[in-house]
Amino acid sequence: MADLRIAVLGVGVMGADHVARITSTISGARVAVVNDFITEKAEQIAAAIPGCRAAADPIDAIAADDVDAVVLATPGTTHEAQLLACLEHRKPVLCEKPLTTDVSTSLDIVRREADSGVSLIQVGFMRRFDEEYMRLKTLLDGGELGRPLLMHCVHRNAGVPSYFDSTLIVKDSFVHEVDVTRFLFDEEIASVQIITPVSNPGAPQGVIDPQIAIMRTASGKHVDVELFVTTGVGYEVRTEVVGERGSAIIGLDVGMIRKSAAGTWGGHLTPGFRERFGRAYDIEIQRWVDAVHQGRTSGNFVDGPTAWDGYAAAAVCAAGVRSLATGQPVDVQLAEHP
Ligand code: ISE
């Protein structure tokens, strides 16, 4: 089977990472086109990959005859137009979160994809492909813990880019915990509340960090999340589920613990999400490439979170942003699944 010719749109941190992964690790696919609003960056990356060209315009890249599928790692504000172009040209697309930047345009994308009759959009919630999360999901589905009742999550970043504000902690960081909750518990989230303890003096002026998010699922399960994105320490993502017959925790990030003659002991902190979830991204992209190949006969070009998952996460985060302003619980309103 011929390699899938992929256009990677947006070659910032995540897009460049995906270009490298598709070129060196993934089988059955190659990067045929790259695009970025910084033209020189795209040209430089294209020049280093045999058979790859830089495209000046992302919509032209989506429509191009030498492109079979698209990876969207562009800013969220451009996703709506680019996803619509993928639907119009029937190009399977792996879209990094967010699906779009607001709930109504996300729902519009879900409906338009449903109208097209083909599943073309996968959303890049990579934690679903992380081996620890997959094991936790298998454990829960197997019923060994009994019915899950509670989940405690920790989401700490050493730091975040300078443009991060308090609402981005909800929409860019918390969104992963929203997806993990929906993935692990297989149910929607009914309400969300965000409370704000005293802020870290190390956080940029005006940024409310840490935040504590509390979710209640449709069946009444409780999920609490510590979001703390300016710890200055390392990348820590932990998830503990407590069920009727025991509990399970992932993300302890222990690795090797060394003891030294100097009387110290310890290991290494994971610096960031690319290191923590690197293997999950590999699995995510490989499974997506395989699904796109198989989609030519099955009509389903997705193996992972769908446009609906992107929309549902956006709806919970929008409720979270409203709660951030008042500290009160906010109900999540979801449209009917088409
Ligand atoms: C970033 O965009 C991610 O997706 C990371 O997984 C998350 O930990 C971080 O907070 C986000 O900014």
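The values are calculated or read from the model by the stated rules, or taken from the named source; none is laboratory data. Source: prediction; values computed, not measured. We place every Cβ from the backbone using ideal geometry, glycine too, and count neighbours over all the protein chains shown. Protein only, heavy atoms only, side chains kept; ligands, DNA and RNA dropped before computing areas. Shrake-Rupley method; radii C 1.70, N 1.55, O 1.52, S 1.80 Å.
State the number of residues belonging to the stretch 277-292 that are in a helix (DSSP H, G or I), buried (at least 19 other Cβ atoms within 10 Å of the Cβ) and within 12 Å of the ligand (Cβ to nearest atom). Count: 2.
Scanning the stretch 46-90 for residues that are charged (D, E, K, R) and either in contact with a helix residue (DSSP H, G or I) (Cβ under 6 Å, 6 or more places away or on another chain) or in contact (Cβ under 8 Å) with a residue 60 or more places away in the chain (or both), we see that the one that is farthest from VAL31 (Cα to Cα) is GLU80. Only residues that are closer than 17 Å to ASP309 by Cα, assigned to a helix (DSSP H, G or I) and touching a Leu at 6+ places or on another chain (Cβ under 8 Å) were counted across the stretch 111-132, and they come to 2. Filtered by the rule that a residue be away from the ligand (no atom under 12 Å from the Cβ) and among the hydroxyl-bearing types (Ser, Thr, Tyr), the stretch 260-276 gives SER260, THR264.
Exactly one residue among LEU84, LEU139 is over 30 Å from THR239 (Cβ atoms) and open to solvent by 30 Å² or more (accessible area, probe 1.4 Å), and that residue is LEU84.
Do we find a residue being in contact (Cβ under 8 Å) with a residue 24 or more places away in the chain and either among the basic types (Lys, Arg) or within 11 Å of the ligand (Cβ to nearest atom) (or both) anywhere in the stretch 200-208? Checking the stretch 200-208: not a single residue is in contact (Cβ under 8 Å) with a residue 24 or more places away in the chain and either among the basic types (Lys, Arg) or within 11 Å of the ligand (Cβ to nearest atom) (or both).
When the residues of the stretch 105-130 are filtered to those that are charged (D, E, K, R) and under 19 Å from ARG276 (Cβ atoms), the one that is farthest from the ligand (Cβ to nearest atom) is ARG128. Looking only at residues of the stretch 121-136 that are among the aliphatic types (A, V, I, L, M) and touching a residue at least 40 places away in the same chain (Cβ under 8 Å), we find that the one that is surrounded by the fewest Cβ atoms within 10 Å (Cβ to Cβ) is LEU136. Among the residues of the stretch 293-338, write down those that are acidic (Asp, Glu) and open to solvent by 30 Å² or more (accessible area, probe 1.4 Å). ASP303, ASP331, GLU336 - these are the residues of the stretch 293-338 that are acidic (Asp, Glu) and open to solvent by 30 Å² or more (accessible area, probe 1.4 Å). The residue pairs whose first member lies in the stretch 139-153 and is assigned by TED's automatic domain parsing to the domain that holds SER247 and at negative phi, whose second member is modelled with pLDDT under 95 and open to solvent by less than 50 Å² (accessible area, probe 1.4 Å), and whose beta carbons are closer than 6 Å, counting only pairs six or more residues apart or on different chains, do not exist in this structure. Out of the residues in the stretch 149-171 meeting the condition of being under 21 Å from LYS221 (Cα atoms) and open to solvent by less than 20 Å² (accessible area, probe 1.4 Å), tell me which one is farthest from the ligand (Cβ to nearest atom). Among those that are under 21 Å from LYS221 (Cα atoms) and open to solvent by less than 20 Å² (accessible area, probe 1.4 Å), it is MET151.
Of all the listed residues (ILE6, ILE45, ILE38), the sole one being more than 16 Å from the ligand (Cβ to nearest atom), surrounded by fewer than 17 Cβ atoms within 10 Å (Cβ to Cβ) and of a type in the set (Val, Ile, Thr) is ILE38.
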